[in-house]
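The values are calculated or read from the model by the stated rules, or taken from the named source; none is laboratory data. Note that the coordinates shown come from a computational prediction; the quantities given were computed from them, not determined experimentally. What goes into the accessible areas is simple: the full protein's heavy atoms, side chains included, and nothing from ligands, DNA or RNA. Shrake-Rupley method; radii C 1.70, N 1.55, O 1.52, S 1.80 Å.
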Amino acid sequence: GFVVEDITPPVANCQNITVYLDGTGNVSIVAADVDGGSTDNVGITSMTINNSDYNCSDIGVNVTTLTVTDAVGLNDQCNAAVIVEDTISPTAVCQNITVYLDGTGNTTWTAADLDGGSSDNCTTISLSADMTSATCANVGTNNVTLTVTDGSGNTNNCTSTVTVMDTISPTAVCQNLPVFLDGTGNATITGSDLDNGSSDNCSGALTYSADITAFTCANTGANTVTLTVTDLGGNTSNCTSNVTVMDTVS
């Protein structure tokens, strides 16, 4: 009789595929995923690939070899492109911060200062904030958006509350002041009468108050008066003026 021998190898036919990393940054494939219709005259018994597991380091195009084997052990190979993509956005986690104006009325922070533990399935992330500096005009609470971007350009954001505080007291500068009793034996002053150029890191309106604002004949002569200067943040400073009360009414 005749012995029929199979001497015809299979024909390996590959197809390119795109796969997506999961929440842990991994994805797996099987040989059938890259098979594009391989054939054999008597039947294919196995298909194998040389790389079935992919992670964040494989993002982009990877070449995988498919080996197709028939019943008598004949085989053929082809190459498939396995395109690994990451489409999972990072998890944005914000934290609230408090910042303090400096002597020039300014303060800055970084996006990292707002980060409360943002993460991604692939570990590389970059941070940006829509506001990273403040002036006296921002004293109080400010909503700042933190944007978290991963290596594939996926983004997510969250909102931090940045509390801007002014804790620097003004510089109080006094001047001495002569005052004159009127025909009723009285005289009054205001706190601003004693100011001689007081200043503050925030240039908004300062308020002035004096601990003595009314004088009578009993105060004729030198009087020590304390001027208190208060800024918009409620910080205070003081200095003393010498108020000389004079009676010039005949």
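Backbone phi angles across the stretch 50-57, fed through the Karplus curve with coefficients 6.51, -1.76 and 1.60 (θ = phi - 60°), yield HN-Hα couplings of 8, 8, 10, 10, 10, 9, 4, 6 Hz in residue order; Gly and Pro are listed as x. Contact order for the chain, expressed relative to its length and based on alpha carbon pairs under 8 Å spaced 6+ residues apart, stands at 14 percent.
Once all protein chains are placed together, Y100 keeps about 120 Å² accessible to a 1.4 angstrom probe. Phi angles of the stretch 28-45 translate, via the Karplus equation with coefficients 6.51, -1.76, 1.60 and θ = phi - 60°, into HN-Hα couplings of 10, 10, 10, 4, 4, 5, 9, 6, x, x, 5, 9, 8, 5, 10, x, 8, 9 Hz per residue; Gly and Pro are given as x.
Under the rule of -39500 (n - 2.57) per DSSP H run of 4 or more residues, summed and divided by the residues of the chain, what mean residue ellipticity at 222 nm is obtained, to the nearest 500 deg cm²/dmol? Provide the component values of the computation, followed by the final result.
Details: 2 runs with 8 residues, N = 250.
Computed ellipticity for the chain at 222 nm equals -500 deg cm²/dmol.
Under 1.5 on a/c is rounded, so check that first for the stretch 1-54, then, if it is not, pick prolate when a/b is larger than b/c and oblate when it is not; a ≥ b ≥ c are the square roots of the alpha carbon gyration tensor eigenvalues.
Details: a/c = 5.27, a/b = 3.27, b/c = 1.61.
The shape class here is prolate.
Here the Karplus relation 6.51 cos²θ - 1.76 cosθ + 1.60, evaluated at θ = phi - 60°, turns the backbone of the stretch 229-242 into coupling constants of 10, 10, 9, 5, x, x, 7, 10, 8, 9, 8, 10, 10, 9 Hz, with x for every Gly and Pro. Normalised by 2.2 N^0.38 Å, where N is the number of residues, the C-alpha radius of gyration of the chain stands at 2.24.
Of the accessible area of the chain, computed with a 1.4 Å probe over protein heavy atoms only, carbon and sulfur atoms account for 47 percent. With only Cα atoms counted, the stretch 1-105 has Rg and Dmax values of 24.4, 106 Å.
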